[in-house]
Amino acid sequence: MKKKLRSAFDSRQYMLSRDFEVYYYADKSFKSVGQHSHDYYEFYFFLEGDVEMDVEGRKYALKPGDILVVPPGKRHRADVLGESAYRRFVLWLGKDYIAKLRAESEDYLWFVSRIEKNGEYRFNPGDVGFNALTSRLIALLEEVHSDFFGRDAAISLAIEDIMLHLNRLAYDKLSHRASRESESRYTAITRFIDNHIDEELSLERLSREFYISKYYIAHLFQEETGISVHRYILKKRLSICEDAMRAGESPTRACAIAGFRDYTSFFRAFKKEYGVSPSEFFQSGN
């Protein structure tokens, strides 16, 4: 993570901006803020540490990839239990900003509405989904700390992208989806690939899962995408690796997250696709 994007922790629990604030914190010694609430929405993305979060009396022993959403008026506190580094992203959105998003589309607030209804504040989308979100948060921070042309418009688009992606991940994992039979075969297969990307995904396995010929699957993908199933899965995995490294994961960790069976094949595929090695991409600061 670039140093300019890191914030020194401030115990202030009120917003200076009316609309939003975003932070990346990496604390080696953290003095806990007492139980508190605020009048804005807090979106908390946990990266590392030995931390217990208390929200309205519900205690969560956090693990990397956990996301918590704390609505206005909900009392909460983070207790750091160990000596390890405590890393997280925090996004604050004001009530008026949330209302503006809701006016544009309820899809931006599906997860918030669910939390306000059932009081379950934590969600973990898995490594792939979480890394996609942290990559987007880094992009937002870069815009906030820039003086690029169109900065304000880019910030607005980045926040909407984060919120939509978060809600899409939550909806896919938490809602009762239509059964596989009601989906098109192509949609069902691509959804299966997305949900099992870190596993072995041969044509033979897809054939067994969907009770259809592997030759039919190969023809279906060629017809729908213009590329082979193998190429589709490879591009998906490389995209996940790119997001993971942008989010600060090492090339070795990114390789494992995306389901590559060995580093050599990952190295060759990444360099062919991006023109640089994974380590060069990672060290460049993306």
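The values are calculated or read from the model by the stated rules, or taken from the named source; none is laboratory data. Since the model is a prediction, treat every value here as computed from it, not as a measurement. All Cβ positions, glycine included, derive from the backbone under ideal geometry; neighbour counts span all protein chains shown.
Contact map, region 3-24: residues that are touching a residue at least 24 places away in the same chain (Cβ under 8 Å) paired with residues that are hydroxyl-bearing (S, T, Y) and part of a loop (DSSP other than H, G, I, E, B), Cβ distance under 8 Å, separation 6+ or inter-chain. Pairs shown: M15/Y40; Y23/S7; Y24/S7.
Residues checked against (1) assigned to a helix (DSSP H, G or I); (2) at pLDDT below 90; (3) crowded, with 18+ Cβ neighbours inside 10 Å:
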site: I115; (1), (2), (3): yes, no, yes
site: F148; (1), (2), (3): no, no, no
site: A154; (1), (2), (3): yes, no, no
site: M163; (1), (2), (3): yes, no, yes
site: L169; (1), (2), (3): yes, no, yes
site: I197; (1), (2), (3): no, no, yes
site: E204; (1), (2), (3): yes, no, no
site: E209; (1), (2), (3): yes, yes, no
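Checked against the criteria, G119 counts as surrounded by fewer than 19 Cβ atoms within 10 Å (Cβ to Cβ), in contact (Cβ under 8 Å) with a residue 12 or more places away in the chain, on the phi > 0 side of the Ramachandran plot and over 21 Å from the mean Cα position of the chain (by Cα). Considering A244, A218, A256, the condition of being modelled with pLDDT of 90 or more, over 25 Å from the mean Cα position of the chain (by Cα) and aliphatic (A, V, I, L, M) is satisfied by A218 alone.
Taking the criterion of being among the aromatic types (F, W, Y) and either in a strand (DSSP E or B) or farther than 20 Å from Y23 by Cβ (or both), would at least one residue in region 93-105 satisfy it? Spell out how you get there, then give the answer.
Step one: of region 93-105, the residues among the aromatic types (F, W, Y) are 97.
Pick out the ones that are also either in a strand (DSSP E or B) or farther than 20 Å from Y23 by Cβ (or both) and you get none.
Scanning region 93-105 turns up no residue that is among the aromatic types (F, W, Y) and either in a strand (DSSP E or B) or farther than 20 Å from Y23 by Cβ (or both).
Checked against the criterion of being under 15 Å from A170 (Cα atoms), touching a Ser or Thr at 6+ places or on another chain (Cβ under 8 Å) and part of a strand (DSSP E or B), region 23-36 contains not a single residue that satisfies it.
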